[in-house]
1. When the helix-only estimate is applied to the chain (DSSP H runs of n ≥ 4, each -39,500 (n - 2.57), divided by the residue count), what is the mean residue ellipticity at 222 nm, nearest 500 deg cm²/dmol?
2. Would you mind putting 53-64, 262-273, 536-547 in packing order, based on average other-beta-carbon counts within 10 Å, highest first?
3. Accessible area, 1.4 Å probe, largest first: how do Thr356, Thr45, Thr460 sort?
4. Please state, as a whole number in µm²/s, the translational diffusion coefficient that the Stokes-Einstein equation yields for the chain at 25 °C and 0.890 mPa s, with Rh defined as the Kirkwood radius across alpha carbon pairs.
5. Within 10 Å, Cβ to Cβ, of Arg522, how many net charges do the neighbouring residues add up to if Lys/Arg are +1 and Asp/Glu are -1?
6. Just the accessible area for Lys216, please: 1.4 Å probe, Å², rounded to the nearest 10?
7. How about Lys276: which lysines have a C-alpha closer than 20 Å to its C-alpha, ignoring those fewer than 8 places off in the same chain?
8. With θ set to phi - 60°, apply the Karplus curve 6.51 cos²θ - 1.76 cosθ + 1.60 along the range 264-273 and write out the HN-Hα couplings as whole Hz, x wherever there is a Gly or Pro.
Amino acid sequence: MGIDKQIILLMVGLLIGFIGIVVRLYFKSFFAIMLEGILFIVSLTYIFTQMELLDVPFAISLIVYGWATFTSVFTANKNHAQYTKKIKRELPHCEVRIKKSLNRLLIDLFFTMLLFGLSMVYFIFNPNPVVSLVLLFGLFSLLMEMIKRIINFASLRVYYEEDSNMLYVLTSFEGKRYPLEDAVDIELQSNVDILRLFPLFTMFNNNMDFTTKMGKTVKISFPGEKIYLTMPTDQLRRIEQIHINKNEQINKGSVLSEKEVLPFYHRKNLKRLLGKGYFAITVKGVGAYATLLVILTILKVPVWMMTVGIILFWIINLAISDRILKAALDVEEVTDEAVLKIARKVFQRANLPNITLYQTEATEYNGFAAGANIGRSIITLTTETLKLPLEAIEGILAHEAIHVKKRDILIGQFMRFVSIAIVIGIIFLVKFLFPNQTIFLFIIIWVLMMIFPVVYSLFTQWMEVRADHLGATLLDGGNEQMAKSLQQLAKKQDEAIEKSGQFNMMNTEDSSAKETVSSVERDKWYFRLLEFQFQSHPPMYWRIHSLRTTSCSWNVQKLKKWWRERMRESIPDKILK
């Protein structure tokens, strides 16, 4: 399938999504779903009747991806326009006169086009269909996000109602209402931190970038969300006074400090910029691999040498993965002596004396290990995780320590690489042995596409369950302490997500009427099926239950128990009865 057909199919998916969004604005969602379904059926009919059978899986994935990406980036709500008009009508005197500079937008466009160009070069040199498909997915997502950024930049309006201490942020796609009394922290920055806000330069994307010019920026941290705004001086003084009043009430320092942020092109930011850029093209996309393939293609290198080159490049990336992650997350070493004390105890028990503990600013409650070599591995906790009780932090550290001890980072990457190689090898083998059996090859491709995520999930979940139970052996409180650690982390994350959802103006009126299922509660069977069979972690409710109903150890019996319950929990309860 040529690149022109791939682009057309992506555009078909985009068009279906666009039509669905427009219909939702004027009619009930039922009609939009029906219309999208009809358009999908028409598209599938064309694909099966007019295209070669082997191209069908790729064609379907292109249409679905185009639709899913467009509808996730450009959400629609018929009440959005009404809310926006209401705010503009009732609070015209409260509008913050923010200044907009095209230079701010051009910086985002520059980085986008730079990364876009690295991948586009590959298409000029007769690309491999599979590689070009993966590249196209990444480029399409990047393009949609950039279009949304441009529209949000142009349509951004900010209102501050002093009586209710409420901040309203309105764009063409979003309406946010932030009670400043809920702000966890307010920080003034000397400039816009491009290297933190540009989406491809960071692993976490919970930063709401509403900056419209370079210069002083206020960062306001809420539960589950951080917003960045460039506001006039008089409005900044109001924000500062709010910060002073709040901190005086809780006996904290009242001065709103200003953090120095250097321009991204400053010489002191060079190492950070290079690290962020490398992360963007190797982790967030496949531009680096595509560029390597282009160079090898131009040099007319044999296929076997190309394969060796790609494998060596992958090994290098794996070897420096800890450095890449440190650059992407802007990590800092943890300095809290109480946290360091329990970290040293856990690492000593795990016989990991050279582990460095870092923290990264994020609204998620999470912790993770990085590095393929035990001697150079790092463990990083988010700033929100560090707010948990010390006993919970100790449990999370023990879990991550086992990942390092068992080299799970290396094993996970190796298993992904081997799995992909096996899938490709099976396809070529079937094509070689049965050159004229197109239907048989078509079935094989579909089966492999379904099996691959299930098999990979099997390996990653095994490592997660093992880390829970072996990590518990490093704790004074054993299984119960690990269970409480996971429970506290999950509940805090649920609360942050719920609070973040309440900031959306479209959710505030009926959010209380909606029942939400906690991640520590057992959900419906089809959600359990998806989590157990396709995701990297087992459901949190099961992990906690497993710890509380078994002994503090890890053995073959626990492995068998996990396997049985993994299958059992994926089946409807009615069938089991």
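The values are calculated or read from the model by the stated rules, or taken from the named source; none is laboratory data. In this text, all values refer to a predicted model and were calculated from it rather than measured experimentally. FYI the Cβ positions are ideal-geometry reconstructions off the backbone, even for glycines, and counts take in every protein chain you see. Protein only, heavy atoms only, side chains kept; ligands, DNA and RNA dropped before computing areas. Shrake-Rupley method; radii C 1.70, N 1.55, O 1.52, S 1.80 Å.
1. On the way: 21 runs with 348 residues, N = 577.
When only DSSP H runs of four or more count, the value is -20000 deg cm²/dmol.
2. Numbers: 53-64: 18.2, 262-273: 13.2, 536-547: 20.1.
Put in order of decreasing packing, that is 536-547, 53-64, 262-273.
3. My answer, sorted largest first, is Thr45, Thr356, Thr460.
4. Details: Rh = 26.6 Å.
In µm²/s, the coefficient rounds to 92.
5. Values: positive: Lys524, Arg528; negative: Glu521, Asp523, Glu569, Asp573.
Value of the local net charge: -2.
6. 100 Å²
7. Output for Lys276: Lys268, Lys284, Lys326.
8. Going residue by residue, I get 4, 8, 5, 4, 6, 9, 4, 4, 5, 5 Hz, with x marking Gly and Pro.
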